[in-house]
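Worksheet: the structure to be examined is printed underneath.
The values are calculated or read from the model by the stated rules, or taken from the named source; none is laboratory data. In this text the structure is predicted, and so the values were computed from the model without any measurement. Here the Cβ positions follow ideal geometry from the backbone for every residue, glycine too, while neighbour counts run over all protein chains shown. Only protein heavy atoms, including side chains, enter the accessible area calculation; ligands, DNA and RNA are left aside. Shrake-Rupley method; radii C 1.70, N 1.55, O 1.52, S 1.80 Å.
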Amino acid sequence: MEFEPDPLVAEVMEKLARNISLKIRLVNLLREGKVKEATFNRLFESYSARGERWMNRRNEMLERSRYDLDGMEKSLLEARINLEELEIRKAIGDASEEEYQAKAPAFEWDIRWIGGELQRRKGEIAYLGDLTRVMSVEAAQELKGMAESCLGSLDNLVEAGTVSSETAVRIKATLEEALDCLKGAT
């Protein structure tokens with residue numbers, strides 16, 4: 001079953017993916033000497049502030065879904081146990097057919113509904129954890145390669161005086177965060 005994200009979840013992931021792409025491409029321009037550090041810093045600050053908001057929203061959604069998942073798993077287990085107990089009680093004559101007919105449909109409905117909701121939450125967690133859900137694997141691989149290249153050349157840029165050490169520290173943190181988000185792109 002293919003997961004269809006909630007429009008808000010999809011928007012957050014699309015905006016986050018775009019933001020990560022913009023930051024990596026901007027760092028790459030700096031690395032290639034196509035933008036001055038002062039101009040880079042102004043743009044980078046703006047992109048970083050927006051990126052932080054999108055990342056926080058994504059993390060909040062992940063946290064909420066993971067929290068909900070735990071409660072739902074407990075509720076699903078409880079409904080299954082209740083149905084099994086009812087079936088056993090009916091089989092041994094401790095529950096009447098009327099009691100079974102009254103209670104079993106509710107337990108079965110809980111099992112179906114909670115099971116479906118669990119699958120949706122697991123899909124949402126997978127979706128929120130993988131940027132290739134909102135960008136092509138090729139684009140993610142390209143960004144990952146670019147970020148790794150930029151990260152690898154940061155020390156040389158500082159030594160050459162192209163980039164200040166303060167800027168390099170901010171770039172490094174941003175690239176590491178981006179690479180973490182792109183880890184699914186192999």
All conditions in (1) open to solvent by less than 40 Å² (accessible area, probe 1.4 Å); (2) in contact with a Ser or Thr (Cβ under 9 Å, 6 or more places away or on another chain) are true of Ile111 except (2)
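Of all residues in region 31-48, count the ones that are aliphatic (A, V, I, L, M) and either modelled with pLDDT of 95 or more or outside any helix (DSSP H, G or I) (or both).
Residues of region 31-48 aliphatic (A, V, I, L, M): 35, 38, 43.
Pick out the ones that are also either modelled with pLDDT of 95 or more or outside any helix (DSSP H, G or I) (or both) and you get 35, 43.
The total comes to 2.
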Exactly one of Tyr127, Tyr67 is touching a helix residue (DSSP H, G or I) at 6+ places or on another chain (Cβ under 6 Å) and either hydroxyl-bearing (Ser, Thr, Tyr) or over 30 Å from Leu151 (Cβ atoms) (or both), and that one is Tyr127
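Out of Thr132, Thr162, Thr167, which single residue is modelled with pLDDT under 90 and either in a helix (DSSP H, G or I) or aliphatic (A, V, I, L, M) (or both)?
Working: Thr162 fails: either in a helix (DSSP H, G or I) or aliphatic (A, V, I, L, M) (or both); Thr167 fails: modelled with pLDDT under 90.
Step by step, each of Thr132, Thr162, Thr167 is checked, and only Thr132 is modelled with pLDDT under 90 and either in a helix (DSSP H, G or I) or aliphatic (A, V, I, L, M) (or both).
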What residue, of Glu73, Glu4, Glu60, Glu52, is surrounded by fewer than 16 Cβ atoms within 10 Å (Cβ to Cβ), part of a loop (DSSP other than H, G, I, E, B) and of a type in the set (Asp, Glu)?
-> Glu4
Looking at Thr162, Thr167, which one is more than 20 Å from the chain's Cα centre (by Cα), open to solvent by less than 30 Å² (accessible area, probe 1.4 Å) and touching a residue at least 40 places away in the same chain (Cβ under 8 Å)?
-> Thr167
